[in-house]
Amino acid sequence: RKDGKLIDVSLTVSPIYSKVRTIMGASTIIRDITARKSEERLRRAERQYRELVDNINVGVYRSTGDPEGRFVWGNTSLLRILGYDTLDDLQDIPVSDMFMHAGGRADLLAELMQHGFVKNREIILKKADGSLIHVLVTALATFAPDGSISHINGIVEDITSQRALEQKVARLSDFHDEVHLPIPP
C-alpha cells in the first residue's frame, strides 16, 4: 500500500491483442484479499493447535469447580487415559466418582482454594472399566466473583506403569535382601 503496509492481493493479468493478434498491452485487476488470507491463516493455526493438544501424551481438560464436578472439555489423550470413547460419555460422569479415595475431589478442591493451583499431585482414579490408575494432576483454578471456583483447567499424566515398575523393583530388592545375594559389579 501507499502507507507501506503489506497486503495480500489476487492479481489477474490478461493480454490485450491488436487486430493482427499481437500483444499490445495488458489488463490488470487487483483485489485486496487480506481479510480472507488472515481468516485462512487463523483457521490453519487453530487446526494445528487442536492437533497438537489432541496428540500430546497427557490429558488436557477443563472441569467445573463444584464439589461433584463435570468435565466441560477434554482432549483425546484424556479420554484414552480415563478409558472413555467420547467426550459425551466422559461428561456424563461426575468427576468426584472417579476418585478412588472418598473425599479425594474435596481434598483437591481445598488445595485449589488455598493456593489457586496444584502441581504434580498424585491421585488414584477409577477408569471407565473400574480399573485403577495413578495419575499426576497439575491444575489451575479460576475463581468466580463470589470466591468459589468457577472452573479448573488442568493436565493429567498417567504414571500407572511407572508405579508398577517401582513396585517390581522394590519386590526384587526385598527378595535380594532375603536371600543375601551379592550385588553384581
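Taking the Cα centre of the stretch 1-102 as origin and assigning +1 to Lys and Arg Cβ atoms and -1 to Asp and Glu Cβ atoms, the resulting dipole is close to 1380 debye. Near Ile149, the amide H atoms lying under 5 Å from its own belong to Ala144; only residues 5 or more places off or on other chains count, and H is placed 1.01 Å from N. In summary, the lysines within cross-link reach of Lys5, defined as a Cα separation below 24 angstrom excluding same-chain residues under 8 places away, comprise Lys37. Close amide H partners of Phe117, meaning residues 5 or more places away or on another chain with modelled amide H under 5 Å apart, are Ala141. Let a ≥ b ≥ c be the square roots of the eigenvalues of the Cα gyration tensor of the stretch 6-81; is it rounded (a/c under 1.5), or, if not, prolate (a/b larger than b/c) or oblate? Here the stretch 6-81 falls in the prolate category. Here the chain is assigned +1 on the Cβ of each Lys and Arg and -1 on the Cβ of each Asp and Glu. Its dipole about the Cα centre then comes out at about 1780 debye. List, in order, the whole-Hz ³J(HN,Hα) value for each residue of the stretch 103-110 obtained from phi through the Karplus relation with A = 6.51, B = -1.76, C = 1.60 and θ = phi - 60°; use x for Gly and Pro. Once θ is set to phi - 60°, the couplings for the stretch 103-110 become x, x, 5, 4, 4, 4, 4, 4 Hz.
The heavy atoms of Glu40 present about 60 square angstrom of accessible area, all protein chains included, probe 1.4 Å. Note on Rg/Rh (Cα atoms, Kirkwood Rh): of the candidates (i) 0.99; (ii) 1.34; (iii) 1.05, the value calculated from this structure sits at (ii). Between the beta carbons of Glu122 and Ile33, assuming R0 = 45 Å, the FRET efficiency works out to 0.30 to the nearest 0.05.
Take each peptide in 79-90, 139-150, count the other Cβ atoms within 10 Å of every residue, and average; sorted highest first, the result is 79-90, 139-150.
Please compute the contact order of the chain in relative form: average sequence separation of alpha-carbon pairs under 8 Å and at least six residues apart, divided by the residue count, as a percent. Write out the running numbers ahead of the final one.
Values: 272 pairs, mean separation 28.2, N = 185.
Averaging sequence separation for qualifying contacts and normalising by length gives 15 percent for the chain.
The values are calculated or read from the model by the stated rules, or taken from the named source; none is laboratory data. The structure displayed is predicted, hence computed values, not measured ones. Every residue, glycine as well, gets a Cβ built from its backbone with ideal geometry; the counts of neighbours run over all protein chains shown. Only protein heavy atoms, including side chains, enter the accessible area calculation; ligands, DNA and RNA are left aside. Shrake-Rupley method; radii C 1.70, N 1.55, O 1.52, S 1.80 Å.
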